[in-house]
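Here's the structure we're looking at; comments come further down.
The values are calculated or read from the model by the stated rules, or taken from the named source; none is laboratory data. These numbers were taken from a predicted model, which means no experiment stands behind them. Cβ atoms come from the backbone with ideal geometry, glycine included; neighbour counts cover every protein chain shown. SASA here: full protein model, heavy atoms, side chains in, ligands and nucleic acids out. Shrake-Rupley method; radii C 1.70, N 1.55, O 1.52, S 1.80 Å.
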Amino acid sequence: MGISKVEENVLSPQDVRKILNSDNLEIVKLCKKANISPKKTDEGKTYFSLDDVRALKQVKDSSLNTPTISKNASQLVVDSLLKSLHRMEDNITESVSKILDERLEGMDEVVVELIRCKTENENLKNQIEDLTKENYNLKKEVASYRPFMFGTYVKEEVNRSLF
């Protein structure tokens, strides 16, 4: 299937290097990008058709014309990415806050009720303590009466301090 002599539409790898002003590695990369495979003669020599070389030149020119980002443009890209990230962070924070507010909405009432119950509990403890003291004083008062005769009682002096 190969050709035995060089025709006008056939170029050698050296010619392709000169035309594209590239080395072999770059030509291989361009061939991969353009999806071109070099052909071989019956003697095993590599050659390119004129159309292949035109396609390689177009691929090289298009890769050279690819716009490069200047430092200012790259800073603008970074700044816009940072702004976008900041907006996303704000949106996430806002949505999480909203969800927490919805979930904790009834908790204020529960906390107020707990505080009221605790206050009431403390008041009841104080009342129990006061009633215990009063009970002790009354028992002491009752104990100060000693039986005398015929169902009468005599009051002895009440010692106010037990200690």
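A few points about this structure:
- Residue under evaluation SER95, criteria (1) over 30 Å from GLU157 (Cβ atoms); (2) open to solvent by 100 Å² or more (accessible area, probe 1.4 Å); (3) in a helix (DSSP H, G or I); (4) not β-branched (Val, Ile, Thr), criterion not met: (2)
- Scanning region 28-55 for residues that are in contact with a helix residue (DSSP H, G or I) (Cβ under 6 Å, 6 or more places away or on another chain) and part of a helix (DSSP H, G or I), we see that the one that is nearest to ASN9 (Cα to Cα) is VAL53.
Yes/no matrix, rows are residues, columns are (1) among the aliphatic types (A, V, I, L, M); (2) at pLDDT below 85; (3) at positive phi:
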residue	(1), (2), (3)
ARG54	no, no, no
SER63	no, yes, no
LEU76	yes, no, no
LEU81	yes, no, no
